[in-house]
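Colleague: Quick one: the structure is below, questions incoming.
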Amino acid sequence: MSLVRNLIRRKLRTSLTIIGISVGIWALVVMSSMANKIGSLVEGGSIYFGDKIIVSDASSPAFGLGFTPIPISIVDMVAAVPGVAVAVPQIQLPLELEASSTGFGIPEFIVGAVADADQGRETFEISVAQGRLLVPGDEGANVVVLGADLARKFDKGIGDTMAIRGSEFEVVGVLEPTLTAPDTTVHMPLATTQILLAMDAPILARQGIGSEELATQIVVYPETGADIYALAEAIEDSVAQVQTITGDDFDEEIGSATAIFNAIILGVALISLAVGGLSVINTMAMSVAERTREIGIKRSIGASRGRIVREVVVESSLIGLTGGVIGLVLGAIVVLVANEMGRSSGTILFHLTFGTAAFAVVFSTILGALAGLAPAWTAARLDPVEALRYE
Amino acid sequence: MPFLEATNLHKTYSLGRRNKVYALRGVDMSIESGEMVAIMGPSGCGKSTLMHILGLLHGPDQDLDPPATLTINGNDVTGMSEKVRTRMRASSMGFVFQSFNLIPTLTAAENVALTATYSGCKRAEASAAASEALDWVGLGEWAGHRPMELSGGQQQRVAIARAQVTKPDLLLADEPTGNLDSASTTEVLDLLRRFNEENGQTIVIVTHDDVVGDACGRVLTMLDGVIADAPAV
């Protein structure tokens with residue numbers, strides 16, 4: 001109790017110091033939540049790409065984000081490469097025809113594939129929150145399974161009808177959140193997406209290419225024990241005009257870029273915390289100076305140096321803890337509000353985890369304790385007789 | 001064997017590079033257990049310096065020939081580490097100061113309990129001992145008050161309770177009545193005498209006040225850093 005009384009003895013100074021720490025922790029929480037979100041997106045991608053090879057047209061920019069049509073006949077050529085277990089044609093399209101700014105995160109896609117064409121080899125688990133997944137019998141039907149974010153954004157559930165690119169689709173399922181790409185994906189039967197792609201590129205029809213001949217990428221599941229990277233090279237060598245993407249490519253390209261981004265945003269948060277820490281040092285140094293006589297009294301009646309150090313450090317830790325909790329609450333509010341506001345546009349920026357919250361509070365408490373060490377040691381080293389004379 | 005015995009205590013302070021103040025120039029003194037002794041003398045004669053050394057707040061000059069010795073209750077304290085001296089201050093010594101020196105943010109009871117806590121008592125034990133000590137000095141009803149809510153005399157009685165809470169063997173008081181009116185001076189002296197007579201506590205008081213000197217069993221007079229009187233036998 002006396003510790004709290006010491007702190008509230010100088011209300012303004014203590015409050016300003018706590019605000020300083022709170023701002024630092026607030027920044028840390030918000031930035032870390034953003035890093036978490038990026039991390040979960042990247043991790044999801046890493047897992048997805050980890051055990052397979054994506055084959056797309058050589059002109060596609062990267063990671064299947066290009067929508068250049070490829071003839072579906074390539075599937076047979078790819079499947080014939082030794083080491084390929086299954087080759088599944090897919091179509092990937094942007095959900096909106098007009099290029100809209102989707103902001104942060106993964107763009108909204110339509111992905112079309114024949115259900116179960118992977119023959120059970122897909123290891124990236126998705127499960128339904130409502131309704132069902134697509135089945136082979138859905139081919140040609142106007143049915144969709146929505147990712148969790150899209151269902152929430154468009155406020156759709158099973159049985160609802162959703163207009164996509166001018167056509168009506170029945171929602172037959174909604175996926176559980178995965179925190180990565182499937183959350184912003186509309187899953188459709190392949191034949192349905194082939195029609196959408198053909199409508200998107202009328203030049204194909206003029207060239208006499210039927211919609212059933214179209215795909216935009218091929219997902220290759222290697223045989224068990226196959227060397228994925230050697231297989232990817234073999235596919236590129238065997239099939240003209242294609243490029244391959246493996247888990248390593250993803251980790252190199254996306255992983256390293258996000259690592260730099262994460263380092264920058266955490267750096268900004270840590271700088272603001274350093275400033276907060278310095279303000280704790282300042283506050284505790286002033287507090288010790290003001291209480292010189294009091295420390296002299298305590299030392300003269302038998303308080304050990306260790307006890308004086310403990311007293312000052314516990315006080316500064318309390319400042320750190322309070323600042324940490326306030327910063328966490330403010331950060332959590334920002335995260336909640338920003339995510340709620342962004343949900344309508346599909347821009348979920350933040351993911352606040354328990355680990356981040358606990359780290360923020362523990363870190364700020366330790367920061368407070370460390371910041372109090374130097375003033376505490378000064379206090380403990382005071383000559384009791386000199387300190388007693390201090391006015 | 002005397003309760004407190006000092007020989008050849010010197011204390012030199014440096015003021016800057018060249019100036020030195022010889023506060024003690026060879027103090028020899030001896031105090032028996034249960035004595036109540038006043039140390040008197042003009043300002044600057046070294047009374048407070050002697051008090052700080054007796055209270056283990058400072059050490060005497062070292063490397064003298066013959067060496068300085070200070071024995072308290074059979075313990076040679078001259079070679080003690082800072083840690084051991086601090087522990088001894090907490091458990092076997094009580095301090096009363098001229099300006100009371102209570103912690104302003106703590107209540108009377110909390111101030112008194114501090115010493116007990118420092119001597120190693122658990123919080124509940126310290127709290128109970130503080131209540132008892134405040135009852136001894138007649139301030140049991142003022143336990144929850146802060147120092148600024150008490151008169152000077154009451155504050156000094158709280159300070160005495162703080163010094164007595166661990167029932168120490170030795171009580172050191174530096175001008176305990178210096179800031180008090182005559183009525184409060186009488187109260188404080190009565191309290192100190194009571195502890196001396198009832199508990200057999202050894203009390204050493206530094207004072208300018210003849211009234212205090214008269215209340216003590218013996219007066220040592222200091223002059224120019226030495227005890228002018230002969231040590232007690």
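Since every read-out is calculated from the coordinates, none of them should be taken as a lab result. On a predicted model such as this, the values are computed, not experimentally measured, just so you know. Glycine gets a Cβ as well: all are built from the backbone with ideal geometry, and neighbour counts include every protein chain shown.
Colleague: Please report A:Ile308, B:Ile39 as a ranked list, fewest other C-beta atoms within 10 angstrom at the top and most at the bottom.
Modeller: The most exposed by this proxy come first: A:Ile308, B:Ile39.
Colleague: Fewest first, what order do B:Arg193, A:Arg291 take by the number of other Cβ atoms within 10 Å?
Modeller: Taking fewest neighbouring Cβ atoms as first place, the list is B:Arg193, A:Arg291.
Colleague: With r defined as the distance between the Cβ atoms of B:Glu125 and A:Arg132 and R0 fixed at 51 Å, what FRET efficiency is calculated, to the nearest 0.05?
Modeller: Calculated transfer efficiency: 0.15.
Colleague: With contacts defined as alpha carbon pairs under 8 Å and 6 or more residues apart, what's the relative contact order of chain A in percent?
Modeller: 29 percent
Colleague: Number of Lys pairs in chain A with C-alpha atoms less than 29 angstrom apart, excluding same-chain neighbours closer than eight positions?
Modeller: 4
Colleague: Suppose each label sits 7 Å from its Cα in the direction of the beta carbon; what would the A:Glu391-A:Ile333 distance come out to in nanometres?
Modeller: Inter-label distance under the simple model: 4.6 nm.
Colleague: DSSP loop trypsin sites (Lys or Arg not before Pro) in segment A:319-391 with at most 16 other Cβ atoms within 10 Å of their Cβ, which ones?
Modeller: Those that pass, being in a loop and sparsely packed, are A:Arg381.
Colleague: Using a 7 Å offset from the Cα along the Cα-to-Cβ direction at both B:Leu15 and A:Val362, what is the distance between the two label points in nm, to one decimal?
Modeller: 5.6 nm
Colleague: Which one, A:Gly120, A:Gly267, A:Gly372, has the greatest fluctuation when you compute a Gaussian network model over chain A with C-alpha springs under 10 angstrom?
Modeller: Looking only at A:Gly120, A:Gly267, A:Gly372, the biggest GNM fluctuation is shown by A:Gly120.
Colleague: Filter the cross-link list B:Lys20/B:Lys83; B:Lys47/B:Lys83; B:Lys20/B:Lys167 down to pairs whose alpha-carbon distance in this structure exceeds 32 Å.
Modeller: B:Lys20/B:Lys167
Colleague: Can you tell me the relative contact order of chain B? Whole percent, Cα pairs under 8 Å, sequence separation 6 or more.
Modeller: This gives 31 percent for chain B.
Colleague: If the elastic network links every pair of Cα atoms under 10 Å, which of A:Asp251, A:Asp200, A:Asp51 fluctuates the most in the Gaussian network model of chain A?
Modeller: The residue that fluctuates most here is A:Asp200.
Colleague: Take chain B, connect every pair of alpha-carbon atoms lying under 10 Å apart with a spring to form a Gaussian network, then pick out the residue of B:Glu141, B:Glu125, B:Glu149 with the largest mean-square fluctuation.
Modeller: Its mean-square fluctuation being the largest, the pick is B:Glu141.
Colleague: If I model a spin label as a point 7 Å beyond the Cα along the Cα-Cβ vector, how far apart are those points for B:Asp181 and B:Asn73 in nm?
Modeller: 3.7 nm
Colleague: While we're looking at this one, here's another question. Would you work out the charge dipole size for segment B:170-220 about its Cα centre, treating the Cβ of every Lys and Arg as +1 and the Cβ of every Asp and Glu as -1, and quote it to the nearest 20 debye?
Modeller: Roughly 200 debye, rounded to the nearest 20.
Colleague: Considering only B:Pro2, B:Ser14, B:Val165, whose Cα is most displaced toward the positive end of the charge dipole of chain B, charges sitting on Cβ of Lys, Arg (+1) and Asp, Glu (-1)?
Modeller: B:Ser14
Colleague: Can you tally the net charge around A:Glu340? Count Lys and Arg as +1, Asp and Glu as -1, for every other residue whose Cβ sits under 13 Å from the Cβ of A:Glu340.
Modeller: It works out to a net charge of +2.
Colleague: Continuing with the same structure: Could you work out how much longer the chain between A:Ile264 and A:Arg310 gets when fully extended? Use 0.36 nm per residue separation minus the Cα distance between them, nm to one decimal.
Modeller: Result: 13.0 nm gained on full extension.
Colleague: Calculate, in nm to one decimal, what A:Arg9 and A:Asp248 gain on full extension: separation in residues at 0.36 nm each, minus their alpha carbon distance.
Modeller: Here the answer is 80.2 nm.
Colleague: Moving to a separate point now. Give me B:His208, B:His58 sorted ascending by neighbouring Cβ count inside 10 Å, so fewest comes first.
Modeller: Placing the least packed residue first, the sequence is B:His208, B:His58.
Colleague: Right, another one. Compute the length gained on full extension between B:Asp28 and B:Ser151: take 0.36 nm times their separation in residues and subtract their Cα-Cα distance, giving the result in nm to one decimal.
Modeller: Contour length minus Cα-Cα distance gives 40.5 nm.
Colleague: Return, ordered by residue number, the residues of segment A:183-199 whose backbone nitrogen is under 20 Å from a label point located 7 Å along Cα→Cβ of A:Ala163.
Modeller: Within reach of a label on A:Ala163: A:186-187, A:193, A:196-197, A:199.
Colleague: Which of the GluC sites (Glu not before Pro) across segment A:260-318 are loop residues per DSSP, with 14 or fewer other Cβ within 10 Å?
Modeller: Hits after loop and neighbour filter: nothing returned.
Colleague: A follow-up question, please. Determine, from the Cβ-Cβ distance of A:Asp227 and A:Ala58 and an R0 of 22 Å, the FRET efficiency 1/(1 + (r/R0)^6), rounded to the nearest 0.05.
Modeller: 0.50
Colleague: What GluC sites (Glu not before Pro) does segment A:101-172 have in DSSP loop regions with at most 13 other beta carbons within 10 Å?
Modeller: Sparse-neighbourhood loop GluC sites (Glu not before Pro): A:Glu125.
Colleague: Pop the C-beta distance of B:Gln62 and B:Arg218 into the FRET formula with R0 = 25 Å and round what comes out to the nearest 0.05.
Modeller: In this case the efficiency is close to 0.30.
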